[in-house]
1. For a quick check of your reading of the model, give me the residue pairs whose first member lies in the stretch A:274-288 and is within 15 Å of B:Asp253 (Cβ to Cβ), whose second is surrounded by fewer than 24 Cβ atoms within 10 Å (Cβ to Cβ) and β-branched (Val, Ile, Thr), with beta-carbon atoms closer than 9 Å and at least 6 apart or on different chains.
2. Take B:Gly292 and tell me if it is within 30 Å of B:Cys169 (Cα to Cα), buried (at least 18 other Cβ atoms within 10 Å of the Cβ), of a type outside the set (Phe, Trp, Tyr) and out of contact with any strand residue (DSSP E or B) (no Cβ under 7 Å at 6 or more places or on another chain).
3. Look at B:Ile143 and say whether it is within 11 Å of chain A (Cβ to nearest Cβ), in contact with a Ser or Thr (Cβ under 6 Å, 6 or more places away or on another chain) and crowded, with 20+ Cβ neighbours inside 10 Å.
4. With respect to the numbered conditions (1) in contact with an Asp or Glu (Cβ under 8 Å, 6 or more places away or on another chain); (2) surrounded by 22 or more Cβ atoms within 10 Å (Cβ to Cβ); (3) polar (S, T, N, Q), which one is the sole condition not fulfilled by B:Ser335?
5. When you check B:Glu287 against the structure, is it more than 11 Å from every other protein chain (Cβ to nearest Cβ), under 18 Å from B:Ala52 (Cβ atoms) and acidic (Asp, Glu), yes or no?
6. For B:Trp338, only one of the following conditions fails: (1) within 11 Å of chain A (Cβ to nearest Cβ); (2) more than 23 Å from B:Ser173 (Cα to Cα). What is its number?
7. Residues that are at negative phi, touching a helix residue (DSSP H, G or I) at 6+ places or on another chain (Cβ under 7 Å) and within 14 Å of chain B (Cβ to nearest Cβ), at least 2 per element: which helices (runs of 4 or more DSSP H) completely within the stretch A:235-346 meet that?
8. Under 26 Å from A:Ala327 (Cα atoms) and surrounded by fewer than 23 Cβ atoms within 10 Å (Cβ to Cβ): does that describe A:Ile200?
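The values are calculated or read from the model by the stated rules, or taken from the named source; none is laboratory data. Here the structure is a predicted model, which is why all the values come from computation and not from measurement. Glycine also receives a Cβ, built like all others from the backbone with ideal geometry; neighbour counts cover every protein chain displayed.
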Amino acid sequence: MIEGIIVNTLVKGGVYALLAIGFSLIFGVARMLNLAHTAFYMLAAYALYTCSLLLGLNPVSAIVVALVVASLMSVGTYSLFVLLRVPSIVSIILSAVIAVLLVWFGTGFILGMGADVSLTKAIILSAVFAMFITGGAYKLFIDRIREHHVTVLLVTLALAMVFQEYILLVPAFGGHYLGAPAFVTGYWHIIGVKVSFQHILTFVAVLLVLVGVWALLSKTRLGIAIRATAQDTEVANLMGIDVSRILLIVMGLASGLAAIAGVLVAPTLVLEPHMWMPPFIMMMAIIVLGGLGSIKGSFVGAFILALTEVLVVYLLPTGAFLKGAFALAVMVGVLVFRPEGLFGVVFEEERL
Amino acid sequence: MFRRLLKDFQGDVVAIPGRLIALIFFLLLFLFPLYTQPIAIQPFLLRVLTFANLFVIFAVSWDFISGYTGQINFGHALFFGVAAYTSALLNRDLGWQLWATIPIGALAGVLAGVLMCLPALRLRGPYLSLVTLAFPLILLGVIFAFTDFTGGELGISGLDRISESKTVCFYASLVVMIASVFIMWKLTDAKSSLVRTGIIFHAIREDEIAARASGINTVRYKILAFAVGGFFAGIAGAMYAHILRIAGPFTLDVALSFQAIIWVVFGGIVSIYGPVLGVYILYPLMEFLKTGEIYEWRFLIFAAIVILMLLYMPEGIGVWIRDKIERQCPRCKLSNVWWRRTCRACDTPLY
């Protein structure tokens with residue numbers, strides 16, 4: 001049982017960490033709670049489902065692709081948005097292009113028109129798809145009303161609802177419970193537990209991505225710019241950092257992370273239009289527990305809450321119902337003693 | 001005496017178009033069952049408006065807590081659900097009557113509000129929002145875990161009805177709604193000379209440190225806001241349980257908490273009339289979409305409407321309308337009708 005708990009905690013915690021770090025990045029830079037964050041996780045999972053059903057699986061290329069895509073994701077986003085030094089007129093055109101792409105990819109996925117995409121392309125596309133939507137949605141909707149904080153909150157929520165209903169309305173997805181096929185089948189016996197390759201793959205990929213994100217944030221000029229913007233937007237702007245571009249990059253990066261999480265867990269989950277809700281709540285709890293804007297905090301918090309969930313499920317008779325309640329109670333308990341979270345950065349009061 | 005009242009009425013209600021519209025609106029609501037008598041779908045309309053009345057209380061109490069003191073609360077359904085479950089349990093298991101269960105349900109809402117404060121008020125901004133989100137979910141987990149006591153997914157059904165007649169239910173909810181909204185409006189009125197809470201709530205939202213520096217015990221007032229908000233949300237929840245005759249897990253749902261935020265922000269945050277308007281527009285809209293041909297598209301249409309409206313009126317539709325029909329005097333801060341060129345009290349030119 002203990003081995004089972006450990007394995008489940010590692011896998012679950014890794015996925016939560018990916019989601020929470022993305023959310024945390026967005027909060028740090030844009031100071032907004034992006035309630036649509038896990039909607040991209042859901043979209044990526046559905047995209048993977050659609051693609052992989054259209055094609056016979058190739059396990060080896062699946063692993064390679066998942067790893068390569070995962071480690072290249074941050075680099076890809078970086079070059080995508082940074083190399084396009086966009087003046088304002090171009091950004092309008094870009095938004096239009098994004099809108100067209102969105103519709104094109106969307107219908108392509110949904111109607112099964114891209115019947116001859118390989119799994120390689122499918123995973124890349126699903127991640128890019130989610131990235132483009134956030135970039136576009138952010139540019140089109142959020143940028144215009146940034147001063148009204150609660151309104152921003154609400155618009156992101158409404159966006160999440162739109163995605164959920166979009167999935168619900170597509171006849172092929174509808175109200176069905178779906179399952180995406182695993183990338184790899186088979187299992188190893190590790191210290192007496194049957195660990196499926198899917199779980200190992202998930203965990204390794206998560207670790208690689210997290211290392212990639214860490215390297216990006218601490219070793220590159222872009223990472224420094226992102227952290228500077230998160231620390232003080234105005235001063236970063238005065239230092240010649242294009243804040244709105246940083247925002248776009250961070251949105252792309254964060255939803256890329258969410259998309260990776262979605263793609264990785266899709267084979268182990270039941271896909272349904274409301275699947276974004278449970279990880280969304282856990283993600284919120286993790287971020288508060290770890291401290292808003294702290295990457296390390298999100299990472300630690302993810303594993304703490306994943307452990308709580310798994311323990312409750314294993315040890316209590318009605319655990320499946322109580323796992324969320326216990327995890328949230330842990331969060332509330334920690335906050336009573338440390339109001340800024342475990343590794344919280346105390347944000348200065350925003351200047352007026 | 002009577003003449004003075006009439007003069008006050010002219011000065012404070014008739015001269016301000018927003019208040020006049022509100023008065024006419026409430027009068028029309030009162031007469032609603034009369035002039036819809038010949039319409040075949042009247043029972044349906046009455047039912048929709050009855051629930052709309054309750055949700056008005058719910059949304060306004062969210063605005064009271066979160067809009068006025070700036071503590072954005074993501075778990076407002078907690079008060080609604082706690083009150084609904086409390087009154088349902090008292091009614092079903094102890095056989096208490098309506099007149100006892102509804103006030104006790106509301107008091108349970110107060111208790112939930114104060115309990116939520118204990119961890120929540122140590123926190124600020126987004127932390128507070130995310131922690132408040134946790135409370136209804138914790139309770140929901142408990143409800144699903146102990147199904148023989150709480151009924152689990154099905155909830156507690158077969159409660160006493162407020163009345164057999166839909167019209168009586170409608171009037172009960174309407175009267176309670178108007179009373180609650182009026183009390184909350186008075187409590188948040190910054191210009192009031194009777195209560196200080198309005199101006200203190202505004203001060204806490206604008207600058208909490210400055211408010212504390214001016215000698216206001218901000219924690220006490222935040223607890224007060226949560227208690228009063230919890231009370232009114234509790235009334236709405238308890239009445240909801242007794243009109244629908246069921247208290248189910250949906251009363252604690254995250255969706256309900258966010259629904260309150262949607263109504264308030266759509267109508268206009270930090271204004272009591274905003275949420276009223278928001279609920280009366282969005283709730284019936286949703287109900288009619290449910291019955292229509294485009295049943296499945298309702299959430300999509302709903303979300304699209306909310307997004308588009310907020311893009312053009314980021315402060316909410318209620319505030320947007322008020323800014324169109326009222327103009328504030330720059331000198332004496334009195335509201336005037338938009339067609340006046342000079343202030344009605346001090347003749348300062350308005351522009």
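1. A:Met277/B:Val254; A:Phe280/B:Val254; A:Ile281/B:Val254
2. Criteria not met by B:Gly292.
3. Numbers: within 11 Å of chain A (Cβ to nearest Cβ): yes; in contact with a Ser or Thr (Cβ under 6 Å, 6 or more places away or on another chain): yes; crowded, with 20+ Cβ neighbours inside 10 Å: yes.
Yes: the conditions hold for B:Ile143.
4. Unmet condition: (2).
5. In short, yes.
6. B:Trp338 satisfies every listed condition except (1).
7. Values: elements: A:243-265, A:277-290, A:295-315, A:319-337.
Passing ranges, in order: A:277-290, A:295-315, A:319-337.
8. Numbers: under 26 Å from A:Ala327 (Cα atoms): yes; surrounded by fewer than 23 Cβ atoms within 10 Å (Cβ to Cβ): yes.
Answer is yes for this residue.
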